[in-house]
Amino acid sequence: INISCNDLEKLQVLGHGNGGTVYKVRHKRTSEIYALKVVHADTDDAIVRRQVFREMEILRHTDSPYIVHCHGIYEKPSGDIGILMEYMDLGTLDTLVQKEGTFSEAKLAHVAHQVLNGLNYLHNHKIIHRDIKPSNLLAKNGNEMEVKIADFGVSIIMRRTLDPCKSYVGTCAYMSPERFDPDAYGGNYNGYAADIWSLGLTLLELYLGYFPFLTPGQRPDWATLMCAICFGDPPSLPENASDEFRNFLECCLQKESTKRWTAAQLLSHPFVSKDPRSDR
Ligand code: ADP
Ligand code: MG
């Protein structure tokens, strides 16, 4: 269906991103609920505008149940931009873990399975997300919790080979070792593997309840963090976790990017292939 921007009624603010605001909106004729990301024209910040155009380009070209669905893009004469998305009623995984506590292994297998399907889709379409983290994964209540990848502000479509020097984007804490030091960790820079590292850290954070490279309550300090990522051992699970989960995370958190498993390989790992959604 074609949804006109004038038929949308703003209900509440869902969140502020850099440069824009996301609203919960209602379509007046159908009463259907959506999320609308609005970026104002007076954002003269060139970086923000570039991020919005990247996001628009990627959302226009993706169609997967594991990627937040885009229903329309509006560009007003004033220059304001609106991106109409499906509404994800449970919000981000980051707020979900704060509200409901840490995730069980079964729940994480379910999350991992869906995010891997999303990443597999993106990587097959030559798209690298580059900012996988709990606050960019959205959840929706359904028969079982649905998880989808969102926020393509810093993603990239691979048209040429990637120059690692020009790809210093994303949230630093979730960045993989080879993005700091491409020569040391897999020379032949493979941008796709960076998303897998970030997924591994994300799952570990949802299990632990805190960011794996920091102790609970420790304030992030950029230099310490970078040293830990590049020179320390990859973070791992506590004793009581299952061997399957431990092994799965080891496959994601290989410091050497070429040894890290791909999304397609990880989808057949026993930790996720047992998830009931697997056979769909
Ligand atoms: P930014 O690029 O600035 O991080 P996001 O696209 O991540 O912006 O959105 C900002 C916030 O708005 C998110 O953290 C989330 O709380 C909320 N949000 C974004 N998209 C949706 C959606 N489709 N459904 C529900 N909430 C959303
Ligand atoms: Mg975000």
Rounded to the nearest 0.05, FRET efficiency between residue 76 and residue 124 (Cβ-Cβ, R0 35 Å) equals 0.55
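For the chain, which DSSP H helices look membrane-span-like by this rule: Cα extent along the axis of 18 Å or more and mean Kyte-Doolittle of at least 0.0?
Membrane-span-like by this criterion, though nothing is claimed about a membrane: 191-208.
In debye, nearest 20, what is the charge dipole magnitude of region 1-134 about its Cα centre with +1 on Lys and Arg Cβ and -1 on Asp and Glu Cβ, if you could check?
Values: 16 positive and 17 negative charges, 16 e Å.
With only Lys, Arg, Asp and Glu charged at Cβ, the dipole is about 80 debye.
What order, most packed first, do the peptides 206-215, 28-37 have when packing is the mean number of other Cβ atoms within 10 Å of each residue? Spell out each step's value before the answer.
Details: 206-215: 17.1, 28-37: 15.6.
Final packing ranking: 206-215, 28-37.
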Hey, what's the Kirkwood Rh for the chain if you take every pair of different alpha carbons, in angstrom?
19.6
Pull out the extension gain between residue 246 and residue 57, defined as 0.36 nm times the separation in residues minus the alpha carbon to alpha carbon distance; nm, one decimal.
64.4 nm
Treating cross-link reach as a plain straight distance, find the aspartates and glutamates whose alpha-carbon is under 18 Å from the alpha-carbon of residue 107, omitting any fewer than eight places away in the same chain.
89, 94, 144, 146, 205, 243, 244, 275, 279
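Stick to the Cα atoms of region 19-98, pair each with every other, and give me the Kirkwood hydrodynamic radius in Å at one decimal. Display every interim value, and only then the final one.
Values: mean 1/r = 0.0727 Å⁻¹.
It is 13.7 Å.
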Residue 28 versus residue 107, label points 7 Å from Cα toward the beta carbon: distance in nm?
4.0
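Read-outs: derived from the displayed coordinates by stated rules, not from any lab. None of the values given here were measured: they were computed from a predicted structure. With ideal geometry, Cβ positions are generated from the backbone for all residues, glycine too; neighbour counts draw on all protein chains shown.
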